[in-house]
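To start, the structure under review is shown below, and the notes come after it.
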Amino acid sequence: MDSEEAFSRQREKMVTIQLKGRGIRDPRVLDAMLAVPRHRFIPPGEANQAYEDRPLPIGEGQTISQPYIVAYMLQALALDGHERVLEIGTGSGYQAALLGRLAREVHSIERHETLAKAAAKILDELSITNVMVHHGDGTKGWPEQAPYEAIIVAASAPVVPQPLLQQLSDSGRLILPVGVAWGQILQLWRRQGDAFDYEELVPVAFVPLIGEHGWGE
Ligand code: SAM
């Protein structure tokens, strides 16, 4: 068995046990998680841990999130393939690659330039052409391409950043972790005209969202 085949088997196991086994049902999310080679987004020396049930370090003190949480958030957004999506916190680029399969166009913002460049390089190597990585403070959103049918934030905010709500399209959805350093709740926001409401989903633990409308340095 060559190593790509071995990784592919690990990926199948990840989808069956960690995702389906915990109630992830959206077939588009499951297909995307089966297809995207997560091991390519992990530092090379640690690729053998890529399909484990936990977050992993990716440099700059940051992490690639646990596969189940990624799948949970993507499922909650209920993407049908027509959306323009904004992602805050590109990190390794893994979730951006999944979004590239689930939506029409993806803009992803990362505050660490080294991570943004590395993620853009892997996405390019994988011939993913509908994901644009930008370097900057994602708490301000990316007004140039707004509005977005969906926004996903992969770092935890003290409160929902207002610029992100303003950049949602009518009927748009925004998912993000909100809370303090030692524990947060995933919030799913919906826009209806000028009205916004949200529901609380599950407890999570993310690295902080640092920026003008997030936490201080
Ligand atoms: N989605 C990523 C992946 O698939 O690897 C994991 C993201 S990691 C949990 C959170 C990321 O958010 C980190 O890379 C961090 O540098 C980034 N981040 C934190 N504050 C940010 C901000 N204001 N704008 C953009 N990125 C930010």
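The values are calculated or read from the model by the stated rules, or taken from the named source; none is laboratory data. Keep in mind that this is a model prediction, so the values were computed, not measured. No Cβ is skipped: glycine too gets one built from the backbone with ideal geometry, and neighbour counts run over all protein chains shown. The accessibility values were calculated without ligands, DNA or RNA, using every heavy atom of the protein model including side chains. Shrake-Rupley method; radii C 1.70, N 1.55, O 1.52, S 1.80 Å.
The table below gives the values:
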| read-out | value |
| --- | --- |
| Hits in segment 132-159 - residues which are among the aliphatic types (A, V, I, L, M), in contact with a Leu (Cβ under 6 Å, 6 or more places away or on another chain) and outside any loop (DSSP other than H, G, I, E, B) | Ala150, Ile151, Val153, Ala157 |
| Qualifying position, being hydrophobic (A, V, I, L, M, F, W, C), under 15 Å from the mean Cα position of the chain (by Cα) and within 19 Å of Pro57 (Cα to Cα), among Ala116, Ala181, Ala150, Ala103 | Ala116 |
| Number of the condition not met by Glu217 [criteria: (1) at pLDDT below 95; (2) open to solvent by less than 20 Å² (accessible area, probe 1.4 Å)] | (2) |
| Residue list for segment 84-102, filter: open to solvent by 10 Å² or more (accessible area, probe 1.4 Å), touching a strand residue (DSSP E or B) at 6+ places or on another chain (Cβ under 8 Å) and more than 9 Å from the ligand (Cβ to nearest atom) | Arg84, Gly100 |
| Residue within segment 129-145 that is open to solvent by 80 Å² or more (accessible area, probe 1.4 Å), touching a strand residue (DSSP E or B) at 6+ places or on another chain (Cβ under 6 Å) and more than 10 Å from the ligand (Cβ to nearest atom) present | no |
| Residue in segment 180-214 that is farthest from Leu164 (Cα to Cα), counting only those that are open to solvent by 60 Å² or more (accessible area, probe 1.4 Å), within 13 Å of the ligand (Cβ to nearest atom) and of a type outside the set (A, V, I, L, M, F, W, C) | Pro208 |
